[in-house]
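Each remark here refers to the structure printed beneath this line.
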Amino acid sequence: MKKVTNPILLISSAVILCIGCFLPWATEVDGLGEVNGMDGDGQLLIVFGVILIVIGFLLVAEKVKRKAYVAAFILSGLSLLISIYDMNNIRSVGGETITISNGEGATVNMGSVGGATIEYGIVICLIGAALAFVFSVRGVFTKAKEAEIDHGNKHSTPKMTSETETTEGE
């Protein structure tokens, strides 16, 4: 029986990705609001996470090989990019800048108010996506080496024998 460590780790990291989508991603600095992952890109990340879980179970059952790892590589890479984008987008929200003018052309910049802080949900999504990406890359290159070895054995040409069949009685 083969080791199925990599598919199990892929499933676990996809579950972590899905869990992070239900948790808070951002909170306003003044505490008036909270944004969960399901309010934005978390819905897409959940779909990717569920597909990664299905791919992982197919890999455990050994129904599919390299193509499944390539699909997992693409989905986990997209999940990682979306998570990084969302984390940077939350950081860039700085609130509004207040400037006060005295009417004679002089302005005073009072700084920014409001804004948002990153919560643990998006961090968990980022960790889950990064782990899924690592395990899918590992699977692509591990399966590639095994496929090259098997490929040489599967397509070997059969040896031709010089014996011909003869039927008796003719």
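Largest first, what is the accessible-area ranking of Leu75, Leu45 with a 1.4 Å probe?
Details: Leu75 25, Leu45 0 Å².
My answer, sorted largest first, is Leu75, Leu45.
Can you give me the solvent accessible area of Val50 with a 1.4 Å probe, rounded to the nearest 10 Å²?
Here the accessible area works out near 80 Å².
Can you list residues from other chains, or at least 5 along the same chain, whose modelled amide H is less than 5 Å from the amide H of Glu119?
Here the answer is Ala26, Thr27, since their amide H atoms fall under 5 Å of that of Glu119.
Convert each backbone phi in segment 53-59 into a coupling constant with the Karplus relation 6.51 cos²θ - 1.76 cosθ + 1.60 (shift: θ = phi - 60°), then list the ³J(HN,Hα) values in order as whole Hz, x for Gly and Pro.
With coefficients 6.51, -1.76 and 1.60, one gets 5, 4, 4, x, 5, 5, 6 Hz.
Loop only per DSSP, at most 14 neighbouring Cβ atoms within 10 Å: give me the trypsin sites (Lys or Arg not before Pro) in segment 54-88, ordered by residue number. Show your work: numbers first, answer last.
Working: sites: Lys63, Lys65, Arg66, Lys67; in loops: Lys63, Lys65.
Hits after loop and neighbour filter: Lys63.
Quick one: what are the phi-derived ³J(HN,Hα) couplings along segment 76-88, Karplus 6.51/-1.76/1.60 with θ = phi - 60°, whole Hz, x for glycine and proline?
So the Karplus estimates, Gly and Pro as x, are 6, x, 5, 4, 5, 5, 5, 5, 5, 4, 5, 5, 5 Hz.
Under 8 Å for C-alpha pairs, at least 6 residues apart: give me the relative contact order for segment 10-80, rounded to a whole percent.
Rounded, it is 31 percent for segment 10-80.
The values are calculated or read from the model by the stated rules, or taken from the named source; none is laboratory data. Nothing here was measured: the structure is a model prediction, and the numbers come from that model. All Cβ positions, glycine included, derive from the backbone under ideal geometry; neighbour counts span all protein chains shown. All accessible areas refer to the heavy atoms of the entire protein, side chains included, with ligands and DNA or RNA removed. Shrake-Rupley method; radii C 1.70, N 1.55, O 1.52, S 1.80 Å.
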